[in-house]
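The values are calculated or read from the model by the stated rules, or taken from the named source; none is laboratory data. Please read all numbers here as calculations on a predicted model, not as lab measurements. Here Cβ is always computed from backbone atoms with ideal geometry, including for glycine, and neighbour counts include all displayed protein chains. These accessible areas exclude ligands, DNA and RNA; they are computed on the full protein's heavy atoms, side chains included. Shrake-Rupley method; radii C 1.70, N 1.55, O 1.52, S 1.80 Å.
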Amino acid sequence: MLRVARNPAIISRAQSVRLNVPSQLIKLNRLNLSTSSVLQQVKFPDLDRKWLKNWEKFDGPITPKPLPGEHGDKEKYYMLTMFPYPSGMLHMGHFRVFTITDVVARFHRFKNKEVINPMGWDSFGLPAENAAIQNQVDPKFWTQKNIGKMRHQIGKMSTSFDWDRELSTCDKSYYKFTQMLFLWLYENGLAYKNLKEINWDPIDQTVLANEQVDANGKSWRSGAIVEKKMLNQWFLKITDFAKDLSDDLKKLDNWPQKVKLMQQNWIGKSTGANIKFTLGNDEMIEVFTSRPDTLFSVQYLAISIDHPLSKQMSVNNQELQQFIDNAKEQEKQQSFSHESDQQKNKDGYELPGIHGIHPLTGKKMPIFVAPYVLSSYGNGAVMGCPGHDERDWDFWLQNASGKPVIKTVDPVDIAELDDSKPYLGKQGTLNNNCAPEFQGLTAKQGYDKIVATLQSKSMGGPATNFKLRDWSISRQRYWGCPIPMIYCDSCGMVPVPEDQLPVVLPENIEFTGKGNPLDQHSEFKNCKCPKCGSNNATRETDTMDTFMDSSWYFFRYLDNNNGGLPFAKSKVDEFMPAKLYIGGVEHAILHLLYSRFISKFLYKIGKWDGGGVENNGEPFKKLASQGMVHGKTYNHPVTKKFLKPEELDKSDPNKVKLVEVDPATGEQLIPEVSYEKMSKSKFNGVDPVEFIGKYGADSTRAHMLFQAPIDLVLYWDENKIVGVQRWLKKLLNMNKLLLSKLETSKSQFNTASLDEFFASIDTHVQSKSNFNDLEIALFNETQSCITAMDSAFGDTLSLNTVISDYMKMTNSINNILQNDCDNVDLGLITSGFYKLVLMISPVCPAVCEEIWESVQKSIISNNNDYNWQSIFTSHWPVALAPKISEVTNYNVIVNGKFKFLYRGTKDLIEKPESQVFDKILNDVEGNDKKTMGDLQGKITKVILKPGAICFVGAKNTKKKSQ
């Protein structure tokens with residue numbers, strides 16, 4: 001048994017009562033946790049270079065060796081990060097997401113799963129074409145050069161991607177199948193052409209994206225006033241999948257709630273009713289409303305400026321035509337300045353000589369042409385209820401000033417009634433402004449009865465509406481996937497046969513910046529009709545939206561060498577849906593929505609099993625959206641301009657000053673400091689490759705993860721990396737110390753091979769029967785750490801807490817090595833330390849490989865016939881049940897006063913009172929033994945209870961002198 005130390009520097013009697021913990025643990029907690037004064041000197045970038053070279057010997061990521069008796073298929077784990085655009089330079093945001101992806105992939109490989117963690121390039125897009133125009137360089141050459149740069153940069157990050165699955169969307173071996181996917185959509189009635197309003201540069205004769213138009217409505221390149229014009233473009237009928245895309249969000253339990261909400265709002269599902277209002281003749285206006293319970297408060301109808309009735313009435317009404325023209329111009333200006341819907345005007349034009357007829361009361365009401373009504377939503381018409389809609393209230397006040405507002409739903413609490421604003425609540429009672437048969441009904445009852453009544457009169461019925469619009473994929477650019485359609489004078493529109501794919505982009509292109517280069521390329525544009533053979537045919541010269549390329553790439557990764565199909569069904573069924581998808585929240589809407597649409601489409605036409613009926617074609621089981629990386633930004637205290645590095649004096653990193661001196665005081669100015677998104681213009685960016693070259697990949701990876709939870713903004717602070725480096729050096733130093741101790745004791749273990757050495761360590765620990773308190777604490781902390789790592793890597797992705805857990809366990813083992821090594825079993829220390837190293841290796845692979853190699857050289861081979869075995873061929877440790885101490889603390893109390901702390905077995909208080917006394921008397925020493933001796937033969941009562949042993953005895957009395 002362990003005796004209590006009597007050194008008052010370790011524990012006092014008062015402290016022992018208050019803390020009720022063993023003295024050895026007090027000692028452990030009070031040890032200096034700082035790194036050993038003499039740290040092993042190491043240059044982390046040198047370790048990177050050494051181990052990157054060694055890892056190159058493997059064909060792909062290193063995986064654990066088969067377990068004894070292992071057979072059958074491994075569990076499949078398909079994970080991926082959103083592939084980057086090859087701009088030519090990685091930023092810290094890339095490094096953050098690649099680090100997260102890599103550590104999770106390494107963990108699951110350790111767990112003996114068949115992991116796929118691929119990398120590729122979203123390589124079509126406008127930047128390459130702009131570079132071609134500005135620098136007269138081939139977009140393909142520019143893109144491939146950038147891919148080469150970025151592939152090299154990723155290699156410096158100690159990542160372990162499956163490069164054999166690499167793909168690039170601008171390679172014809174990839175876009176051949178993007179074209180095939182388009183043809184499948186066309187064959188299934190989901191691809192069609194229609195007119196769409198676009199931004200047109202009249203000087204460059206080209207279509208502009210919204211972001212290419214400045215706030216003044218001018219082209220970013222030519223400076224021309226941008227025009228709005230209608231252009232025939234290709235669309236995909238994503239609206240056919242709107243219901244599934246909306247309803248199936250509830251299946252995505254492991255997606256961030258904010259992302260699901262963003263998708264739900266974009267899809268914009270509304271349930272309500274379609275209601276018909278006649279115009280007093282055979283014509284009618286049909287509206288959709290989500291509030292049919294407010295039907296009796298309708299005071300006007302509003303139609304969009306593009307509604308058929310608006311167009312019809314404007315033919316002979318110049319005033320109306322002028323109103324519509326003004327509204328379109330104002331809408332154009334607002335679209336350029338990116339103003340919100342709420343900022344649109346509330347103007348209206350009341351149509352003369354025509355009224356809408358209420359379907360249940362027959363009451364006439366005015367009809368307005370109103371710019372706020374969207375032609376793309378519902379039927380381009382709404383019923384105006386100023387009493388129960390804020391926008392309708394504002395519109396009515398502006399266009400029918402002085403006329404009363406009718407409210408038909410009263411709140412449950414009458415105190416909420418306010419004549420100065422609409423009542424927006426959905427709970428309440430239909431009032432006397434409704435028809436008699438509806439008065440007194442709750443809003444829900446009124447909703448149902450009104451819809452049923454409309455249905456019985458064939459004037460409406462229940463309906464579901466979506467804000468989601470069909471996906472426009474046409475782009476009037478060169479650097480994109482050609483749309484595989486041909487236009488023949490005889491046959492009309494003809495799809496390119498699959499056996500003639502791909503339609504290849506021509507390379508002899510002249511980039512003038514004016515018009516669509518493909519439309520001006522006669523060799524590409526003029527072709528033979530594949531149906532009739534006529535030479536009077538032309539190709540489609542639009543290329544596809546790059547979101548089309550990225551909507552299916554995760555399928556192609558699984559079969560990227562298939563030359564005949566986008567992918568084999570059997571290969572996709574084996575791994576899809578992906579277990580984990582990681583990427584920025586900026587792609588939360590369009591990329592993810594389009595990927596879900598294409599995935600569901602492919603499931604619908606039988607190209608994959610959709611992950612089962614319940615999954616319904618959803619492509620990603622779990623989504624993790626990492627936050628941005630913000631850099632420290634310095635602003636001039638007077639001019640507020642962003643400061644360049646050379647304008648700052650960082651001789652004292654804790655007190656950064658400007659080089660510039662205040663002319664009034666002669667002292668250096670102090671900059672304003674904030675954290676903002678990294679960018680060149682703010683001079684706050686950090687080149688990850690340069691940073692790794694300075695501090696090493698392991699330090700940078702651990703620092704990156706430690707600074708913030710993955711879903712939050714990371715405020716990059718270079719100064720804090722010193723703590724991570726100190727910890728890694730401590731690990732290397734501890735390994736050196738432990739190996740020196742093992743050198744004299746390794747005969748206790750099997751050192752025939754590395755596997756047998758660690759197996760014998762595990763056997764030794766598991767067969768050990770007696771554990772003291774320090775050993776129990778170390779064993780249990782090891783198991784707790786394994787459990788925490790399993791949860792963090794495999795479930796919660798709480799990777800910042802992983803680093804803090806690493807550091808805590810490192811300090812615990814270091815304390816034992818430095819101070820209590822003689823009191824703790826060496827096999828237990830060895831087991832705990834090298835299990836910790838295994839758990840650290842997904843984050844810090846080079847340092848852990850260095851430690852692993854040193855074990856092999858020192859313990860296994862003694863530097864003779866050394867045969868390196870990577871740490872990543874090992875298996876992840878398995879958490880064992882914690883040990884429960886068989887002893888506990890007892891406060892020994894004599895006549896009501898605490899005397900000392902005794903450590904005894906938990907069953908001590910179940911033994912006879914005399915045995916308890918004798919046991920304590922025999923175990924204790926010094927003053928405690930005297931205390932017990934003075935009680936001998938004088939005990940009148942013993943109280944035994946958990947944590948306390950109380951003795952009551954006759955007090956000593958001194959004899960009088962004779």
Helix 590-604: angle to the longest alpha-carbon principal axis of the chain, degrees 0 to 90, nearest 10?
80 degrees
Name the residue from Ser123, Pro671, Ala463 whose Cα lies farthest towards the positive end of the charge dipole of the chain, charges +1 on Cβ of Lys and Arg and -1 on Cβ of Asp and Glu.
Pro671
Rg and Dmax of region 458-609, Cα atoms only, in Å
19.2, 62
Charge dipole of the chain built from unit charges on the beta carbon (Lys, Arg +1; Asp, Glu -1), centred at mean Cα; most positive-end Cα among Val722, Leu185, Ala846 is Val722
Compute the relative contact order of the chain as a whole-number percentage, counting only Cα pairs closer than 8 Å that sit 6 or more residues apart in sequence.
14 percent
Ratio Rg/Rh [Cα only; Rh per Kirkwood] for the chain
1.09
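Rounded to the nearest 500, what is the 222 nm mean residue ellipticity of the chain from helices alone, with -39500 (n - 2.57) per DSSP H run of 4+ residues and division by all residues? Mind showing how you got there, number by number?
Numbers: 28 runs with 329 residues, N = 962.
Value at 222 nm, helices only: -10500 deg cm²/dmol.
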Count neighbours as other Cβ atoms within 10 Å of each site's Cβ, and list the trypsin sites (Lys or Arg not before Pro) in region 882-928 that are DSSP loop with at most 13 such neighbours.
Lys906
Name the shape class, rounded, prolate or oblate, that the alpha-carbon gyration tensor gives for region 199-358, where a ≥ b ≥ c are the square roots of its eigenvalues, rounded holds for a/c under 1.5, and otherwise prolate holds if a/b is larger than b/c and oblate otherwise.
oblate
Express the relative contact order of region 454-539 as a whole percentage, based on alpha carbon pairs under 8 Å and six or more residues apart in sequence.
27 percent
To the nearest 10 degrees, the tilt of helix 172-187 (Cα long axis) against the first principal axis of the alpha carbons of the chain is 60 degrees
With a 1.4 Å probe and all protein chains left in place, how much of the accessible area of the chain comes from carbon and sulfur atoms, in whole percent?
49 percent
GluC sites (Glu not before Pro) restricted to DSSP loop in region 623-669 with at most 12 other C-beta within 10 Å
Glu667
Taking Cα pairs under 8 Å and at least six residues apart, what relative contact order does region 550-655 come out at, in percent?
26 percent
So, with +1 on the Cβ of K and R and -1 on the Cβ of D and E, and no other charges, what is the size of the charge dipole of the chain about its Cα centre, to the nearest 20 debye?
3780 debye
Rounded, prolate or oblate, given the Cα gyration tensor of region 297-423, with a/c below 1.5 counting as rounded?
oblate
So if I take the centroid of the Cα atoms in region 45-123 and the same for region 799-843, what is the distance between those two points in Å?
25 Å
Taking all pairs of distinct Cα atoms, average 1/r, flip it, and tell me the Kirkwood hydrodynamic radius of region 808-962 in Å to one decimal place.
20.5 Å
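Evaluate the charge dipole of region 738-886 about its Cα centre and quote only its size in Debye, nearest 20, assuming +1 on the Cβ of each Lys and Arg and -1 on the Cβ of each Asp and Glu.
60 debye
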Lysine-lysine proximity count for region 97-183, Cα under 27 Å, sequence distance 8 or more or distinct chains:
11
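Report the rotationally averaged projected area of region 691-742 based on its alpha-carbon convex hull, in square nanometres.
About 4.4 nm², averaged over all directions.
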Rolling a 1.4 angstrom probe over the protein heavy atoms, how many square angstrom per residue are accessible across the chain?
46 Å²
With +1 on each Lys and Arg Cβ and -1 on each Asp and Glu Cβ, how big is the dipole of region 512-668 about its Cα centre, in debye rounded to the nearest 20?
540 debye
GluC sites (Glu not before Pro) lying in DSSP loop within region 67-161, provided at most 10 other Cβ fall within 10 Å
Glu70
What are the extents of the Cα atoms of region 635-749 along their three principal axes, listed from largest to smallest and rounded to whole Å?
75, 35, 22
Among Thr633, Val504, Pro371, whose Cα lies farthest out toward the positive end of the dipole of the chain, if unit charges sit on the beta carbon of Lys, Arg (+1) and Asp, Glu (-1)?
Thr633
